[in-house]
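Below: one structure, written as structure tokens.
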Amino acid sequence: MTMAAWRPRVVVAVFPGTWSERDFAHVAENVLGWECRTLWHLEAELGACDAVVLPGGFAHGDHLRTGAIARFSPIMRAVEAFAAAGGPVIGSCNGFQVLTEAGLLPGALMRNDHLQFRCDWQSLRVERPERAPAWLGDLANGDVIRLPISHGEGRYVADAATLDGLEREGRVVLRYANVAGEVTDEANPNGSQRSIAGLVNERGNVLGLMPHPERAAEAELGGTDGLRLFRSLERWLQEQPAATERRL
């Protein structure tokens, strides 16, 4: 394979009850030109891949708690090992919930404070640390982006010590905001503590967010800000020491 022919290889996990894997696969293959495989949750190996996606939906019908059963699926052992080795992982909506249940990200996602399901476009303020996480390198600190939300249990909660630690370490990377980028109670669609919409792990390779970047990748659907996250990943992968090896 020549350098010019190299394409990111992404694996999208599929759990009983998820459906956003189709949206992610469409964007990866038809919009970005990546290689994409969907992988059933009972698989114990990821195979050759550059990134992993945990999609939205209702994994296992959201029984017990959102993501609580998916956390024990065989594929999650492989996802955890991939993330521990520095591999980039993104969990959107239900995928974010799975990441917290699996302990890959701290905190939990609870019922929206108004107990309503919210499906709408949402403005988000980017709070990018100096060392850009894998998924945010093409975004600047203070940027305002628009992504759709679609959830009934998206209220991020954690104890005060955890929240303070996330703030101190620059791991809160997306907050609900108004179109001017102001973080206000009125702009918070679910009551998330400190308006947290997305956060990363300590290494910055695992991103969890409630909004859906895969639904904001084509102009005819209302916006393309989601592409900025995916292009960030593509650039990040190209800059890694192993990138030359992958392109051979």
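We did not get these values from a lab; they are worked out from the coordinates using the rules stated. Owing to the predicted nature of the structure, the values given are computational and were not obtained by experimental measurement. Don't worry about glycine lacking a Cβ; one is built from the backbone with ideal geometry, like all the others, and counts go over all protein chains shown.
The number of residues in the range 64-101 being outside any helix (DSSP H, G or I) and either at positive phi or crowded, with 22+ Cβ neighbours inside 10 Å (or both) comes to 11. If you go through the range 1-53 and keep only what is more than 19 Å from ARG231 (Cβ to Cβ), in a helix (DSSP H, G or I) and not small (Gly, Ala, Ser), you end up with GLU21, ARG22. Considering only the range 162-194, how many residues are without any contact (Cβ under 8 Å) to a residue 12 or more places away in the chain and touching a helix residue (DSSP H, G or I) at 6+ places or on another chain (Cβ under 6 Å)? Qualifying residue count for the region: 0. Restricting the range 127-169 to residues that are of a type in the set (A, V, I, L, M, F, W, C), over 11 Å from LEU199 (Cβ atoms) and surrounded by fewer than 20 Cβ atoms within 10 Å (Cβ to Cβ), the residue that is nearest to the chain's Cα centre (by Cα) is ALA132. Here LEU207 meets each of (1) out of contact with any Lys or Arg (no Cβ under 7 Å at 6 or more places or on another chain); (2) surrounded by 16 or more Cβ atoms within 10 Å (Cβ to Cβ); (3) touching a residue at least 24 places away in the same chain (Cβ under 8 Å); (4) not in a strand (DSSP E or B) with one exception, condition (4).
Restricting to the range 210-224, name every residue that is over 18 Å from PRO55 (Cβ atoms), of a type outside the set (S, T, N, Q) and assigned to a loop (DSSP other than H, G, I, E, B).
GLY222
Cβ separations smaller than 6 Å between residues 6+ apart or across chains give the following pairs from the range 8-21 residues that are among the acidic types (Asp, Glu) to residues that are outside any strand (DSSP E or B) and crowded, with 24+ Cβ neighbours inside 10 Å: GLU21/PRO55. The single residue among ALA140, ALA134 that is over 24 Å from GLY56 (Cβ atoms), aliphatic (A, V, I, L, M), in contact (Cβ under 8 Å) with a residue 12 or more places away in the chain and assigned to a loop (DSSP other than H, G, I, E, B) turns out to be ALA140.
From the list GLY57, GLY33, the one residue that fits, being on the phi > 0 side of the Ramachandran plot, in contact with a strand residue (DSSP E or B) (Cβ under 7 Å, 6 or more places away or on another chain) and of a type in the set (Gly, Ala, Ser), is GLY57.
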